[in-house]
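The values are calculated or read from the model by the stated rules, or taken from the named source; none is laboratory data. Everything quoted here is computed from the prediction, not taken from an experiment. Cβ placement follows ideal geometry from the backbone for every residue including glycine, while neighbour counts extend to all protein chains displayed.
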Amino acid sequence: MKPEIVSATIDGFVTTDIQERGYFSNWNDDSVVRTRPYRYTCKSTDKDDPASGDWFFPSALTFLSNPLLAGLPQGQVQEILARNLITFLEYTTLLEHRIVNKSVQFIAQNCLPVSIPHGMRMDALRVYTDEGYHAIMSADVANQVSRIYGIAQENRQFSRIARLEAMAETFQLPTLGWFLIGFVSETAITTEFTKMGRTSLVPGVHNMLMDHLSDEWKHSRYFTGMFSYLWPRLTESERDFCATQLPSIIHECFRLDGSLLERDFCEMGIDSNIARIISEERGKESEHRLRARTGAVATLHALKSCSFFNDPRYVATFTRYGLID
C-alpha cells in the first residue's frame with residue numbers, strides 16, 4: 001500500500017513534538033542503511049532468459065508502444081529497459097550528492113532564513129546519510145547492469161542537474177532557493193514507482209528500488225513538513241521568492257534530455273531517425289507540462305496544505321505554468 005505523504009502539522013505549523021524529536025526518531029530501526037541486508041546483486045542474471053524479469057518498468061517508457069518500434073525483438077526491448085535503468089541510476093547517484101544533499105546541508109547547518117529546531121536539523125543529517133547510501137546502491141547496480149550488457153560507463157553529466165545548479169547560481173536568496181530545489185526533488189516522486197508491486201523486475205533491481213523507495217516516502221514527508229514549518233514564518237518577500245521560483249524548479253525537474261535516447265538507439269544500431277522523431281514528440285511543450293503537472297502532485301498537495309494558494313498572485317503564476325487550473 002502506498003504510504004500517505006502527509007506532514008504532522010496543526011493549522012500549518014509543525015507540532016512541537018516533531019520539532020523536538022524529529023520525523024525520524026526510529027531511524028536506527030527502520031532506515032535502509034541501518035537495517036536492510038544488501039540484496040542488490042544482478043551479476044548472475046541471464047539477460048537472454050525472459051524469466052529473469054524486466055530491467056525497468058515498461059510502463060515508464062511509453063515510447064515503446066510507438067508504431068515505429070513495432071516488431072522490435074524482445075532482446076532489444078530489454079536492452080532499452082536496461083539502458084534506461086543505467087541512465088536513471090547514474091542520474092540518481094549525481095542527484096543525491098549534488099542536488100538533494102546540497103539542499104539538506106543548509107537545513108542541517110541552520111542556514112535558512114528561519115531558525116530550524118534541533119530535532120529537524122538532526123533529521124536533515126539522517127536524510128543526508130540515507131541519500132549517500134542511495135547513491136552507493138544506485139552506482140553499484142548501474143555498474144553491474146553495464147557489465148552484463150557490455151556498456152561502457154562514462155563520467156556522464158546530466159543537463160537537468162546542470163540546469164538546476166545554474167538556476168541556483170541566480171537565486172537572490174540562495175539557501176532558501178536550494179531548499180526549494182530539494183523540496184521539489186524529494187516530493188516529486190514518480191508515480192511509476194507505485195506500480196512496482198505489479199511489475200516483474202529482475203530481483204536485484206526490484207529489491208534496490210523498493211528499499212530506496214521505502215526511504216524516499218519518509219524523505220518526502222520530511223520535506224513536506226519542513227515546508228509547512230517554514231511557510232508561516234517567512235516574510236512576504238521570502239514567500240514571493242518561493243512563489244516565483246517553485247514553478248520553474250518543478251518544470252526543470254521534469255524536462256527530458258532527448259540526446260540520451262538518441263545515444264542509446266545509435267549504440268544499439270536502431271535507426272537514428274526513429275530516436276529523433278520520438279524525442280521530438282516527447283519534447284513537445286504540451287507533453288512537458290503534462291509530465292510536470294502529473295509528477296508534482298505531492299508537491300502541489302504540500303503547497304495546498306499550507307494555504308500557499310490563498311494568495312491569488314501565486315495561483316496566477318502556477319496557472320500560467322500549467323501546473324494548476
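So if I check each of L260, L256, L246, which one is at pLDDT below 90, part of a helix (DSSP H, G or I) and not β-branched (V, I, T)?
Just one listed residue meets the conditions, L260.
Pick from segment 147-165 the residues that are more than 22 Å from the chain's Cα centre (by Cα) and in a helix (DSSP H, G or I): which of them is surrounded by the fewest Cβ atoms within 10 Å (Cβ to Cβ)?
R147
Being under 16 Å from N101 (Cα atoms) and without any contact (Cβ under 8 Å) to a residue 12 or more places away in the chain is the filter here; which residues of segment 145-184 pass it?
Matches in segment 145-184: A162, P174.
Kindly indicate which of G132, G119, G75 is over 22 Å from I250 (Cα atoms), assigned to a helix (DSSP H, G or I) and within 16 Å of the chain's Cα centre (by Cα).
Result: G132 is the single residue among G132, G119, G75 that is over 22 Å from I250 (Cα atoms), assigned to a helix (DSSP H, G or I) and within 16 Å of the chain's Cα centre (by Cα).
Find the residue count for segment 283-325, including only residues that are closer than 15 Å to E252 by Cα, surrounded by 14 or more Cβ atoms within 10 Å (Cβ to Cβ) and touching a Gly at 6+ places or on another chain (Cβ under 8 Å).
3
Assess whether L246 counts as being within 27 Å of G177 (Cα to Cα), touching a helix residue (DSSP H, G or I) at 6+ places or on another chain (Cβ under 8 Å), in contact (Cβ under 8 Å) with a residue 12 or more places away in the chain and not hydroxyl-bearing (S, T, Y).
Judged against the criteria, L246 is a match.
Please list, ordered by first then second residue, the pairs with beta carbon atoms under 6 Å, 6 or more apart or interchain, first in segment 102-124 and in contact (Cβ under 8 Å) with a residue 12 or more places away in the chain and under 18 Å from H219 (Cβ atoms), second of a type in the set (A, V, I, L, M) and surrounded by fewer than 18 Cβ atoms within 10 Å (Cβ to Cβ).
A108/L125
Determine whether S103 is crowded, with 23+ Cβ neighbours inside 10 Å and within 18 Å of L209 (Cβ to Cβ).
When the stated conditions are applied, S103 does not pass them.
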